[in-house]
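This report concerns only the one structure given below.
No lab work stands behind these numbers, since they all come straight from the coordinates. As the structure is a computational prediction, the values presented were derived from the model and not from experiment. Cβ placement follows ideal geometry from the backbone for every residue including glycine, while neighbour counts extend to all protein chains displayed.
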Amino acid sequence: MDIYVGVFEQRSENRLLLVVEDNGKGIRKEDLPKVTDPFYSRSDPMRNRVGLGLSLFYQDCKLCGGEVRIMSAPGTGTKVEGVMQYDHIDRQPLGDTAQLFLNLILQHERVAWTFEHRVDSKGYRRSIADIRGELGLDGFKKKSEHGALKEFLLALEHRIKAQ
């Protein structure tokens, strides 16, 4: 599966845009209006699989003067875009995006990740294949490879924060 994660800090427009897109199985049209309901699940109730992620994300975006758009169709994947006011008093800080990206890579090794982070016009976009190529690594199984990956991601983040 391919998953794209985009973080766009558009400070000059007082806007934060978060995007997650995958090429997974998608969401049926009749289910789209329900996916932000915290009590809705299409999963087998015997497996107790419920997802609150979209519900909480929707709530946070609305609380911070924004909105969420979800585009999906069966067999084509899903794209979720959340927009919120950048300087809203209730907006949670982004936190350590390098650590977030590192955790996603290490915990979901079979996913073909692409990460993008922009602060106004400065930023980066890297796929997991790009990162492996730039580091000269086949994977991230060893602790030393974890460290190299973390340092690489931190360097990318530092470049956009320092500018």
Point-to-point label distance, Asp96-Glu109, nm (Cα→Cβ direction, 7 Å offset): 2.2 nm
Trypsin sites (Lys or Arg not before Pro) in segment 77-152 lying in a DSSP loop, each with at most 12 other Cβ atoms within 10 Å of its Cβ, come to Arg110, Lys141, Lys142
Amide H neighbours of Ile3 at under 5 Å, excluding residues fewer than 5 places away on the same chain, with H built from the backbone geometry, are Ala112, Trp113, Thr114
Which of Lys29/Lys150; Lys29/Lys62; Lys34/Lys142; Lys25/Lys161 exceed 32 Å between C-alpha atoms? The answer is Lys29/Lys150; Lys34/Lys142; Lys25/Lys161
Using Cβ counts within 10 Å as a stand-in for footprinting exposure, how do His146, His158 rank, fewest first? His158, His146
Starting from the Cα gyration tensor of the chain, take the square roots of the eigenvalues, sort them a ≥ b ≥ c, and report rounded, prolate or oblate (rounded when a/c is under 1.5, otherwise prolate if a/b is larger than b/c, else oblate). oblate
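At most 15 other C-beta atoms within 10 Å and a DSSP loop state: those are the exposed GluC sites (Glu not before Pro) I care about. Give me the longest piece of the chain that has none. Write down the numbers at each step before the final one.
Numbers: sites that count: Glu30, Glu109.
Counting only loop sites that pass the neighbour cut-off, the longest clear stretch is 31-108.
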